[in-house]
Amino acid sequence: MDLKKHIRHIQDFPKPGILFYDITTLLGDAKVLSGALDMLSEPFVGKGIDSVIGIESRGFIFGSAVADRIGAGFIPIRKPGKLPAESIKETYELEYGQDSLEIHKDAVVSGQKVLILDDVLATGGTALAAVNLVNKLGGDLHGVAFLIELLFLDGRKKLQGQNVYSIVQYE
């Protein structure tokens, strides 16, 4: 299944000079969505993963569905101030400033086998922050998976040493 046919490109969004890869067209087609979830899940079936960690917000869409398909639980990583219980924070650099992510302090226990999942790997900053949060909690990270990887932004370089998996790549 060629998923690229189902991803809309929007020029100059969210600001001039940016080409946005809109997955709402993929999400709206049941057959295509199911195929994408199959492709995201397949490498991790039977690997003993305890939990899939989804990064806010589109990582929630794919992460919870993949968790269900591989028989794992789901853990959200959110923007600051969105989690109700005690959490830990990781701040990371953006090209125009900083941002942060948080996870509940008790979401991952030492040795727990986890998979991080998000929609897009771009520069790698968000994914690296999620990896750092898992490491701080002592999780056993088995992979970092993405629907889309923007190869021209070289985000994979920030994730050296990790099992990085993506199903659609743009050069």
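Could you grab the pairs with beta carbons closer than 8 Å, sequence gap of 6+ or different chains, first residue in the range 146-166 and over 10 Å from Leu128 (Cβ atoms), second one among the small types (Gly, Ala, Ser) and in a helix (DSSP H, G or I)?
Note: pairs meeting the criteria are Phe146/Ala127; Leu147/Ala36; Glu149/Gly155.
Among the numbered criteria (1) out of contact with any Asp or Glu (no Cβ under 6 Å at 6 or more places or on another chain); (2) outside any loop (DSSP other than H, G, I, E, B), which single criterion is violated by Gly59?
Among (1) out of contact with any Asp or Glu (no Cβ under 6 Å at 6 or more places or on another chain); (2) outside any loop (DSSP other than H, G, I, E, B), the lone unmet condition for Gly59 is (1).
Among the residues of the range 27-60, write down those that are more than 20 Å from Gly139 (Cβ to Cβ) and among the basic types (Lys, Arg). Let's see the steps before the verdict.
Restricting attention to the range 27-60, the residues satisfying the condition of being more than 20 Å from Gly139 (Cβ to Cβ) are 27-39, 42, 57-58.
Across the range 27-60, the qualifying residues are Lys31, Arg58.
Taking the options Lys31, Lys5, Lys47, name whichever one is surrounded by fewer than 18 Cβ atoms within 10 Å (Cβ to Cβ), basic (Lys, Arg) and touching a residue at least 12 places away in the same chain (Cβ under 8 Å). Can you show your working first?
Working: Lys31 fails: touching a residue at least 12 places away in the same chain (Cβ under 8 Å); Lys5 fails: touching a residue at least 12 places away in the same chain (Cβ under 8 Å).
The match here is Lys47.
Looking only at the range 92-127, count every residue that is out of contact with any Pro (no Cβ under 9 Å at 6 or more places or on another chain) and without any contact (Cβ under 8 Å) to a residue 60 or more places away in the chain and tell me the total. Lay out the reasoning, then the answer.
In the first step, residues of the range 92-127 are kept if they are out of contact with any Pro (no Cβ under 9 Å at 6 or more places or on another chain); the result is 92-98, 105-106, 108-127.
Checking which are without any contact (Cβ under 8 Å) to a residue 60 or more places away in the chain leaves us with 92-98, 105-106, 108-111, 121-125.
Total meeting the criteria: 18.
Values quoted throughout were computed directly from the atomic coordinates according to the rules given, and no laboratory measurement underlies them. These numbers were taken from a predicted model, which means no experiment stands behind them. Don't worry about glycine lacking a Cβ; one is built from the backbone with ideal geometry, like all the others, and counts go over all protein chains shown.
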